[in-house]
Structure formats: structure tokens, C-alpha cells
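J.: Can you read through this structure? Questions will come right after.
The values are calculated or read from the model by the stated rules, or taken from the named source; none is laboratory data. Please read all numbers here as calculations on a predicted model, not as lab measurements. Glycine gets a Cβ as well: all are built from the backbone with ideal geometry, and neighbour counts include every protein chain shown.
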Amino acid sequence: MDIITSRNLRDFDEKGFFIVGQKVTGEWLNKLTKECEKYNADNPKWFQRNPHLESDLFAEFVKQPLFVEACKKLIGPNADLHWNLIAHKPPFQGKEFHWHQDAQYGLTEPENYITCWVALDVVTICNGCLWVIPGSHKWGRLDHVFLREAETFYAGRFAQDVDDKNQVPIEMHAGEIAIFHSHVLHRSGSNSSDKLRRSYICAYHHCNLTYLTDTGMKGAEFPILRKNKIVGD
């Protein structure tokens with residue numbers, strides 16, 4: 001039975017994103033949260049890049065059936081892991097991350113790829129959920145400007161003068177996954193709650209992708225599919 005439905009695919013085409021149910025549960029959710037805690041204890045930053053290069057657990061997780069199916073349906077029969085990261089928003093301290101397109105973080109040809117955002121905790125407006133502008137993936141690649149970290153937001157490359165009147169929050173249960181287009185505009189709010197907000201994010205691209213710039217994600221490529229078969233199986 002398909003995990004990603006025809007409705008999901010319509011939403012991706014029209015809105016630039018969709019949500020699937022709690023596909024990460026039980027043992028997997030426990031293992032992922034413990035591995036994230038280990039990373040945060042060893043190197044307490046708000047995000048850690050490409051943990052699959054050091055962790056067998058994450059290297060295995062990026063080949064889970066949902067991600068493989070997403071690659072087949074949204075990228076094609078030949079796909080690689082593009083990058084992945086762990087994100088922590090600590091209680092009362094987690095800052096906002098402004099409007100951006102993932103495609104801006106290392107320009108590539110082709111530009112389009114997919115990002116899978118896995119909630120490891122309950123995610124709410126109060127603790128810093130994602131906000132998305134439906135349909136903004138159709139606006140093409142927008143100019144971004146680098147801003148240094150400030151009191152209320154993390155550093156990053158951000159879109160300017162965004163028309164966000166149609167923005168919607170994505171509140172999620174632990175184990176739910178949001179899948180979105182690399183051009184869709186999204187942001188995350190600050191964490192004003194007393195609970196840690198953790199997420200794991202993995203992105204996938206066509207295996208023939210070429211990097212036009214390097215912002216630190218190049219070198220994380222990891223083969224997933226060749227001719228619709230999982231590499232290594």
C-alpha cells in the first residue's frame with residue numbers, strides 16, 4: 001500500500017508541501033531522540049549538519065520506506081541524499097529562523113529537490129513550529145540576504161520583503177513528517193515554551209545534481225536509488 005497518496009501529490013503540486021501521519025513511532029522514534037540527545041550533549045548547537053556521516057543510525061534512517069517512496073514519486077528512479085541535519089530549539093531560548101527557500105543553501109543544477117522535516121517532539125506555535133506560504137514554490141528562486149544572528153533570530157540567508165499574508169502554521173505530533181519543495185518559502189518561530197523542540201531534516205535530489213556554489217552542504221551526498229532500486233539492498 002502506498003504511503004504517499006494521490007492527494008499528497010496534488011498538494012505538493014499546488015501548495016508545495018504536504019504532511020503525512022505519524023510514520024516514525026515506537027522504537028525508531030526512541031532511537032532517533034536518544035541519538036539527537038547524544039549529539040546535542042557532545043556539541044550543543046541549534047543544529048548539527050549531516051549526522052549520517054558519523055552515525056549508522058541516521059545512515060539507515062534516510063533509507064526508510066517513506067523517504068524512498070518520496071524519492072520515486074517526486075524525484076525519479078535515481079536519487080541521492082542531498083543533506084540532513086538535527087535541529088534543536090531549547091525551551092525559552094530557541095530563536096526564530098526567518099523566511100527562506102532551502103534551494104538558497106547551496107545553489108544547484110537542477111534547482112529542485114525535496115526536504116523531509118521529521119518532528120521528534122510535539123510541535124506547536126508556542127514551541128517554534130514551521131510556517132509555510134502555500135504555493136510559494138511557484139514564485140521561483142528568490143534573492144536572499146545573509147543576516148547575522150541577533151537577539152530574536154538565528155543567522156542565515158533569508159528572503160526579503162516577503163508577502164506572508166497567506167502563511168499557515170504546521171503544528172505536528174511527534175513522528176509526523178512534512179515534505180516540501182525546495183522553493184517553498186518557510187520559516188520557524190521562536191520557542192517560548194518550557195519544552196525542547198527537536199526535529200530531524202533530510203533532503204533528497206536527483207543523482208546527477210551539480211553544485212554551483214558550496215555553503216557547507218556539498219560532500220554529504222549519499223546514494224539512495226538507482227533505477228528504482230535501493231542502493232545497498
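J.: Filter the stretch 119-158 for residues that are under 17 Å from the mean Cα position of the chain (by Cα), among the charged types (D, E, K, R) and over 20 Å from SER192 (Cα atoms) and give the result.
T.: ARG157 - this is the single residue of the stretch 119-158 that is under 17 Å from the mean Cα position of the chain (by Cα), among the charged types (D, E, K, R) and over 20 Å from SER192 (Cα atoms).
J.: Within the stretch 100-111, can you find the residues that are under 14 Å from the mean Cα position of the chain (by Cα) and of a type outside the set (D, E, K, R)?
T.: Listed by number, the residues that qualify are HIS100, GLN101, ALA103, GLN104, TYR105.
J.: Right, something else. Can you pull out every residue in the stretch 101-139 that is of a type in the set (Val, Ile, Thr) and in contact with a Phe, Trp or Tyr (Cβ under 7 Å, 6 or more places away or on another chain)?
T.: THR108, ILE114, THR115, VAL118, VAL132, listed by residue number.
J.: Another question, if that's okay. If I go through the stretch 152-174 residue by residue, how many of them are part of a loop (DSSP other than H, G, I, E, B), within 20 Å of PRO91 (Cα to Cα) and not polar (S, T, N, Q)?
T.: 5
J.: Would you call GLY106 modelled with pLDDT under 95 and loosely packed, with under 14 Cβ neighbours inside 10 Å?
T.: Details: modelled with pLDDT under 95: yes; loosely packed, with under 14 Cβ neighbours inside 10 Å: no.
Criteria not met by GLY106.
J.: Of these, GLN48, GLN22, which one is within 15 Å of TYR200 (Cβ to Cβ), crowded, with 17+ Cβ neighbours inside 10 Å and of a type in the set (S, T, N, Q)?
T.: GLN48
J.: Moving on. Please identify the pairs in which a residue from the stretch 209-233 that is under 12 Å from CYS71 (Cα atoms) has its Cβ atom under 7 Å from the Cβ atom of a residue that is in a loop (DSSP other than H, G, I, E, B) and modelled with pLDDT under 75, counting only partners at least 6 apart or on another chain.
T.: Short answer, once both residue conditions are applied: none.
J.: A further question follows. Residues to consider are ASN84, ASN30; find the one that is polar (S, T, N, Q) and farther than 26 Å from PRO169 by Cβ.
T.: Checking each option against the conditions leaves just ASN30.
J.: Within the stretch 190-202, can you find the residues that are surrounded by fewer than 22 Cβ atoms within 10 Å (Cβ to Cβ) and not charged (D, E, K, R)?
T.: The answer is SER190, SER192, SER193, LEU196, ILE201.
J.: Restricted to the stretch 216-233, and to residues that are assigned to a loop (DSSP other than H, G, I, E, B) and either among the charged types (D, E, K, R) or surrounded by fewer than 13 Cβ atoms within 10 Å (Cβ to Cβ) (or both), which residue is modelled with the lowest pLDDT? Break it down stepwise before answering.
T.: First, pick out the residues of the stretch 216-233 that are assigned to a loop (DSSP other than H, G, I, E, B): 216-221, 227-228, 231-233.
Still in the running and either among the charged types (D, E, K, R) or surrounded by fewer than 13 Cβ atoms within 10 Å (Cβ to Cβ) (or both): 216, 218-219, 221, 227-228, 232-233.
Details: GLY216: 62, LYS218: 67, GLY219: 69, GLU221: 82, LYS227: 95, ASN228: 94, GLY232: 82, ASP233: 72.
If we take residues in the stretch 216-233 being assigned to a loop (DSSP other than H, G, I, E, B) and either among the charged types (D, E, K, R) or surrounded by fewer than 13 Cβ atoms within 10 Å (Cβ to Cβ) (or both), then GLY216 is modelled with the lowest pLDDT.
J.: Which one of GLU96, GLU109 is of a type in the set (D, E, K, R) and closer than 29 Å to LYS23 by Cβ?
T.: The unique qualifying residue is GLU96.
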